[in-house]
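Presented below is the structure to which this report refers.
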Amino acid sequence: MTVGVYPGSFDPFTVGHLDVLTNAAGLFDLVYVAVLHNVDKRPTFTVDERMDMIRNVLVAEKLDNVRCGTFDGLLVDYARAVNATHIVRGLRATSDFEYEFQIDAVNRHLDNSLRTVYFMASPGHSFLSSSNVKEIGLWGGSIRGLVPSVNEEIICERLAKK
Ligand code: ADP
């Protein structure tokens, strides 16, 4: 059985993330979306909020072979714990490539049996990031089409309180 782990901050989960996840769900038997619980990163949304929003998307999009989990520490440890065969990441611009290149080297050093597969961002999503969504939402701009519609209201309300 092929198992992919798609790790990230997902703060919050965007339609760009959904695009990568949908591709991964079509490629692997089972996919885990692994929400990073990293105290240093000072996220806007709590781990529970991020996981709830991802679960909303899994139901809305009928992604039946996707599970949502959380991890801290080393990704390779989480990947081993769920018997992952591959890591999944997305690539937008060359800046992502530099970062992903480094992370891949570290992961290979830690576990050389685990390989990462990358999905290119759709042309319309190549400039979309969680940070953009937060910046727009904080100033009351429309985030329609940037985040899965099932979460649009929750995200707007939450950002308005900041
Ligand atoms: P991280 O902090 O680990 O980079 P992110 O939530 O920002 O977490 O991103 C998780 C993964 O999703 C990364 O591989 C990132 O490159 C990818 N990603 C983010 N936004 C997009 C997008 N618009 N299109 C494709 N991939 C994306």
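The values are calculated or read from the model by the stated rules, or taken from the named source; none is laboratory data. Model, not experiment: these values are computed from the prediction. A quick note on method: Cβ atoms are made from the backbone with ideal geometry, for glycine too, and the neighbour counts reach across all protein chains shown. Protein only, heavy atoms only, side chains kept; ligands, DNA and RNA dropped before computing areas. Shrake-Rupley method; radii C 1.70, N 1.55, O 1.52, S 1.80 Å.
Taking the conditions exactly as written (open to solvent by 10 Å² or more (accessible area, probe 1.4 Å), without any contact (Cβ under 8 Å) to a residue 60 or more places away in the chain and within 18 Å of His125 (Cα to Cα)), does Thr22 satisfy them or not?
Against the criterion (open to solvent by 10 Å² or more (accessible area, probe 1.4 Å), without any contact (Cβ under 8 Å) to a residue 60 or more places away in the chain and within 18 Å of His125 (Cα to Cα)), Thr22 qualifies.
Does segment 1-11 hold any residues that are within 9 Å of the ligand (Cβ to nearest atom) and either of a type in the set (Ser, Thr, Tyr) or touching a strand residue (DSSP E or B) at 6+ places or on another chain (Cβ under 6 Å) (or both), and which are they?
As a first pass, look at segment 1-11 and keep what is within 9 Å of the ligand (Cβ to nearest atom): 6-11.
Within segment 1-11, Tyr6, Pro7, Ser9, Phe10 meet the criteria.
Looking across segment 74-104, the residues that are open to solvent by 60 Å² or more (accessible area, probe 1.4 Å) and more than 9 Å from the ligand (Cβ to nearest atom) come down to Leu74, Asp77, Arg80, Ala81, Asn83, Thr94, Ser95, Phe97, Glu98, Phe101, Gln102. Within segment 28-67, if we keep just the residues that are open to solvent by 70 Å² or more (accessible area, probe 1.4 Å) and touching a strand residue (DSSP E or B) at 6+ places or on another chain (Cβ under 7 Å), the residue that is nearest to Met120 (Cα to Cα) turns out to be Asp29.
Gly141 passes every criterion in (1) surrounded by 12 or more Cβ atoms within 10 Å (Cβ to Cβ); (2) in contact (Cβ under 8 Å) with a residue 24 or more places away in the chain; (3) away from the ligand (no atom under 16 Å from the Cβ); (4) in a loop (DSSP other than H, G, I, E, B) apart from (2).
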